Amino acid sequence: MTADVKIDKTQIRNAATVIVLRDRTTSPRILMGQRGSKAVFMPNKFVFPGGAVDAGDRDVALGTALPDLCHERLKEDSSTDMSNTLAVAAIRELFEETGQILGHKEPWNGDVPEDWKDFAASGHTPSAAGLQFVFRALTPPGRTRRFDARFFLVDADELTSDPDDFSAASDELSHLQWVALDDARSFDMPFITEVVLSEIQARAADRNPPASVPFFKNNDEESLFLRLRGQQPTD
């Protein structure tokens, strides 16, 4: 008789995270903050800005689209095309948690969702042109919360806000700061953040998209390490 296999029924939520890289060719730094001590998921850990996709993110149009290759890689190994929704979520989370704006200077067209009113009031629509999809990770079974997280890298030059002004940030992350890449490992961070950090360190000076995107796929049956390549765009 085959032994029963315990299946983890914890809901897996799609999520988006943004790694903002500053001064990449001279003294590279990344934007990080600390989660609260009472947070259910990763309390006290230093992380990149990010979070789960909200239902309303599907209804928000991008002022400037994702790069084609990024779009194609986000679709790979996914049942539905969530590329634009993930980009929208990444931009929203970055703004909510840090006050930083990835946007195109133009008035909002139509009704503004509640979660986007402050962003729209800045006179911008969300711009994904500078986002580069660099990592994907599925939280292993057995955790209190599970996410299918996509990590985006963006150069701080793409921000339309003052990179040192965090006055519009929520209180979800504290101690917001630009951390030198060489010093980042001294911070208390989740394992997956350390793994992503290694990828960023390896290619900090290279503005080109990676040859492929690492995907840690920890499903209920097995743990896989995959490479997402997408369909190379043709002229």
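Quick one: 62, 176, fewest Cβ neighbours within 10 Å first, how do they rank?
So the residues, fewest neighbours to most, are 176, 62.
Quick one: order 125, 10, 144 by neighbouring beta-carbon count within 10 Å, fewest to most.
144, 10, 125
Using Cα pairs under 8 angstrom and six or more residues apart, how large is the relative contact order of the chain, in percent?
29 percent.
Taking the Cα centre of region 16-128 as the origin, how large is its charge dipole in debye, to the nearest 20, when only Lys and Arg (+1) and Asp and Glu (-1) carry charge on their Cβ atoms?
In total the dipole reaches around 620 debye.
Trypsin sites (Lys or Arg not before Pro) within region 139-235: which are DSSP loop residues with at most 14 other Cβ atoms inside 10 Å?
Taking region 139-235 and a limit of 14 other Cβ atoms within 10 Å, the loop trypsin sites (Lys or Arg not before Pro) found are 143, 145, 207, 229.
Can you give the charge dipole size of the chain about its Cα centre, rounded to the nearest 20 debye, using +1 on the beta carbon of Lys and Arg and -1 on the beta carbon of Asp and Glu? Walk me through the intermediate numbers first.
Numbers: 26 positive and 38 negative charges, 138 e Å.
The dipole of the chain has a size of about 660 debye.
Please identify the chymotrypsin sites (Phe, Trp or Tyr not before Pro) of region 25-103 that satisfy two criteria: DSSP loop assignment and at most 16 other Cβ atoms within 10 Å. Which are they?
For chymotrypsin sites (Phe, Trp or Tyr not before Pro) across region 25-103 that sit outside H, G, I, E and B with at most 16 neighbouring Cβ atoms in 10 Å, the list reads 41.
With Cα Rg over 2.2 N^0.38 Å in mind, check (i) 1.12; (ii) 1.01; (iii) 0.95 and report the label derived from this structure.
(ii)
In terms of the Cα gyration tensor, with a ≥ b ≥ c the square roots of its eigenvalues, is region 71-140 rounded because a/c is under 1.5, prolate because a/b exceeds b/c, or oblate?
prolate
What's the tally of Lys pairs in the chain whose alpha-carbon atoms lie under 25 angstrom apart, where the two lysines are 8 or more places apart or on different chains?
7
Just tell me, in residue order, which DSSP H segments of the chain are both 20 angstrom or longer along the helix axis (alpha-carbon based) and at least 0.0 in mean Kyte-Doolittle hydropathy.
Working: long enough: 83-98 (22 Å, 0.24).
The answer, listed by residue number, is 83-98.
Starting with the fewest neighbours, write out 189, 32 ranked by other beta-carbon atoms found within 10 Å of each beta-carbon.
Ranking 189, 32 by Cβ neighbours within 10 Å, fewest first, gives 189, 32.
If I take R0 = 25 Å and measure r between the Cβ atoms of residue 174 and residue 129 in this structure, what FRET efficiency does the formula 1/(1 + (r/R0)^6) give, to the nearest 0.05?
Rounded to the nearest 0.05, the efficiency is 0.25.
In a shell of Cβ-Cβ distance under 11 Å around residue 84, excluding residue 84 itself, what net charge do Lys and Arg (+1) and Asp and Glu (-1) give?
Here the count lands on -1.
Each value in this text was obtained by applying a stated rule to the coordinates, not by laboratory testing. A quick note: this is a predicted structure, and the numbers were derived from the prediction, not measured. Cβ: placed from backbone, ideal geometry, glycine included. Neighbour counts: every protein chain shown.
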